[in-house]
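Enquirer: Attaching a single structure in structure tokens format; questions to follow.
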Amino acid sequence: MKRRDFMTTAALAGIGVAAGVRVAPVLAQDGTMGVAAAQRFSIGEAVVTAFSDGFLPIGADALIGVTAEEFRTLLQAAYIDAEAHPTGVNAYLVETGDSTVLVDAGTGAVFGPGLGHLAANMAALGVDPGAIDTLVATHLHPDHIGGVVTEAGNPFANATLKVSDTDLGFWTSEDVKAQAPEEVRQFFDLAMAAVAAFGDRVEGFTGAAALGPGLSAMPLPGHTPGHSGVMLESGGDALLIWGDIVHVPPVQFARPEVTIGFDVDQDMARATRAKVLDMAATDRLRVAGMHIGFPGLGHLEKAGSGYRFVPSLWQYG
Ligand SMILES: [Zn+2]
């Protein structure tokens with residue numbers, strides 16, 4: 001039955017009274033829906049809270065390996081308007097009872113009004129940034145550590161910054177910065193400012209290092225040299241917070257070979273994505289992604305030559 005026929009049937013049955021009434025969403029002054037974009041999940045004994053920082057538009061021109069036409073077709077297949085596709089920016093709070101760990105810190109004021117909502121969303125849930133003992137940065141791009149650099153200073157006043165030695169070395173190197181393309185040099189400046197904001201509370205890690213109770217790093221290099229996921233294991237359950245394995249999910253789940261211009265090493269990013277998608281699907285491992293539509297948790301299934309993402313549903317208790 002088509003919608004038009006259904007509406008006629010519904011009206012005849014006396015339930016179409018409200019048809020045609022449109023209720024416009026009430027937007028708050030900051031352009032958000034005025035409610036906290038935060039959602040809690042239990043992973044074993046741990047509680048993971050997904051926070052939205054906002055969204056940024058990523059179009060076909062930012063991607064490599066997909067035409068504008070293919071981009072549009074893939075987004076249409078996911079019922080998304082290709083012209084206005086928002087890529088979400090998320091951060092995840094992991095509370096284990098012994099530790100309060102924030103994985104990534106959003107953009108702060110770096111990217112305009114569509115972003116920078118992490119602090120407000122945390123405040124709405126009563127999460128005090130001063131109570132966070134560890135900030136793990138999956139990598140040192142501005143949409144992951146911009147929230148550290150504010151006019152009022154670093155809001156994570158008591159946290160230790162943990163980031164891979166490789167990313168730390170790369171993004172704080174004046175030599176590497178000098179050789180980088182002009183347009184990404186400001187990424188280095190922000191990374192250096194963010195690291196400096198932690199003073200001596202910076203710990204580099206190598207490989208699959210322990211990051212706290214039940215938490216360990218998973219090297220996922222390519223997007224940046226030291227890009228790392230965070231693996232949470234608790235009470236027989238697990239979650240891999242994988243950072244930037246995908247940037248435009250409807251495209252890159254279907255076509256994992258598609259990369260983004262910001263990948264420092266395109267081939268390595270592609271190989272890492274292939275490996276981690278296969279692992280997550282094979283092991284039925286739940287994942288969370290910084291750029292998967294909010295709240296960004298779910299499972300993967302193999303589908304054709306790519307994957308299908310099955311979002312985690314609201315958890316009632
Ligand atoms: Zn990112």
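No value in this document is a laboratory result; all are computed from the given coordinates. Just so you know, these numbers come straight off a predicted model, no measurement behind them. For neighbour counting, all protein chains shown are included, and Cβ atoms are generated from backbone atoms with ideal geometry for every residue, glycine included.
Enquirer: Given the peptides 133-143, 296-306, arrange them by the average over their residues of other C-beta atoms within 10 Å, most packed first.
Expert: 133-143, 296-306
Enquirer: Let me ask something else. Between E70 and A152, what is the label-point separation in nm under the 7 Å Cα-to-beta-carbon projection?
Expert: 4.6
Enquirer: Relative contact order of the chain: what whole-number percent is it, with Cα pairs under 8 angstrom and at least 6 residues apart?
Expert: Normalised by residue count, the contact order of the chain is 16 percent.
Enquirer: With only Lys, Arg, Asp and Glu charged, each at its Cβ (+1 for the first two, -1 for the last two), find how big the charge dipole of the chain is about the Cα centre; round to the nearest 20 debye. Intermediate results must be reported in sequence, preceding the final value.
Expert: Numbers: 18 positive and 35 negative charges, 269 e Å.
Dipole size: approximately 1300 debye.
Enquirer: Is the chain rounded, prolate or oblate when judged by the Cα gyration tensor, a ≥ b ≥ c being the square roots of its eigenvalues, rounded requiring a/c under 1.5 and prolate requiring a/b larger than b/c?
Expert: prolate
Enquirer: Pop a pseudo-label 7 angstrom from the Cα along the beta-carbon direction at both V35 and A109 and give the gap in nm to one decimal.
Expert: 3.0
Enquirer: With r as the distance between the Cβ atoms of A123 and F262 and R0 = 41 Å, compute the FRET efficiency 1/(1 + (r/R0)^6) and round to 0.05. Don't skip to the answer; put the middle values down first.
Expert: On the way: r = 30 Å, r/R0 = 0.72.
Computed FRET efficiency for F262 and A123: 0.90.
Enquirer: Further, regarding this structure: Within the chain, which whole H helices from DSSP have a Cα span along their axis of at least 18 Å and a mean Kyte-Doolittle hydropathy of -1.0 or more, if any?
Expert: Result, helices passing both filters: 266-282.
Enquirer: Follow-up question, since we're still on this one. Given H placed 1.01 Å from N in the peptide plane, which residues other than close sequence neighbours of S164 have an amide H under 5 Å from its amide H?
Expert: Result for S164 returns F205.
Enquirer: Please name which of S99, Q252, L220 has its Cα lying farthest along the dipole of region 36-311 towards the positive end, using unit charges on Cβ (Lys, Arg +1; Asp, Glu -1) and the Cα centre as origin.
Expert: Q252
Enquirer: Can you work out the FRET efficiency for the pair L313 and E45, with r the C-beta to C-beta distance and R0 = 22 Å, to the nearest 0.05?
Expert: Working from the Cβ atoms, E equals 0.60.
Enquirer: Can you list the HN-Hα couplings for region 293-308, worked out from phi with the Karplus curve (6.51, -1.76, 1.60; θ = phi - 60°), rounded to whole Hz and with x for Gly and Pro?
Expert: With the stated coefficients, region 293-308 comes to x, 3, x, x, 9, x, 10, 10, 10, 5, 8, x, 8, x, 9, 10 Hz.
Enquirer: From the phi angles alone, apply the Karplus equation (6.51, -1.76, 1.60; θ = phi - 60°) to region 152-162 and give each ³J(HN,Hα) in whole Hz, x where the residue is Gly or Pro.
Expert: 7, x, 5, x, 9, 5, 10, 8, 9, 7, 10
Enquirer: What's the ranking of 146-155, 58-67 by average number of surrounding C-beta atoms within 10 Å, highest first?
Expert: The packing order, highest mean first, is 146-155, 58-67.
Enquirer: Apply 1/(1 + (r/R0)^6) to the Cβ-Cβ distance of K275 and A208, taking R0 = 25 Å, and write down the FRET efficiency to the nearest 0.05.
Expert: That pair, K275 with A208, gives E of 0.95.
Enquirer: Additional query: Please give, to one decimal in nm, the separation of the simple spin-label points placed at R4 and A178, each 7 Å out from Cα toward the Cβ.
Expert: 6.9
Enquirer: Here's another thing I want to ask about it. Under a Cβ-Cβ cut-off of 10 Å, what is the net charge of the residues other than D143 that fall near it, where Lys and Arg count +1 and Asp and Glu count -1?
Expert: My count for the surroundings of D143 gives -3.
Enquirer: Do the sum for the chain: with -39,500 (n - 2.57) for every DSSP H run of n ≥ 4, divided by all residues, what is the mean residue ellipticity at 222 nm, to the nearest 500 deg cm²/dmol? Each step should come with its number before you reach the end.
Expert: On the way: 9 runs with 77 residues, N = 317.
Rounded to the nearest 500, the figure is -6500 deg cm²/dmol.
Enquirer: For the residues T100, T224, T272, T206, what sequence is obtained by ranking on other C-beta atoms within 10 Å, fewest first?
Expert: Least crowded to most crowded, the residues run T206, T100, T272, T224.
Enquirer: Would you pull out the residues with amide H under 5 Å of T87's amide H, same chain only if 5 or more places away, H placed 1.01 Å from N?
Expert: L56, I58
Enquirer: With θ set to phi - 60° and the Karplus curve 6.51 cos²θ - 1.76 cosθ + 1.60, what are the ³J(HN,Hα) couplings of region 56-64 in order, to the nearest whole Hz, using x for Gly and Pro?
Expert: 9, x, 10, x, 4, 5, 7, 9, 10
Enquirer: Using modelled backbone amide H atoms (1.01 Å from N, in-plane), which distant-in-sequence or interchain residues come within less than 5 Å of S312's amide H?
Expert: Answer set, sorted by chain and number: L297, G298, H299.
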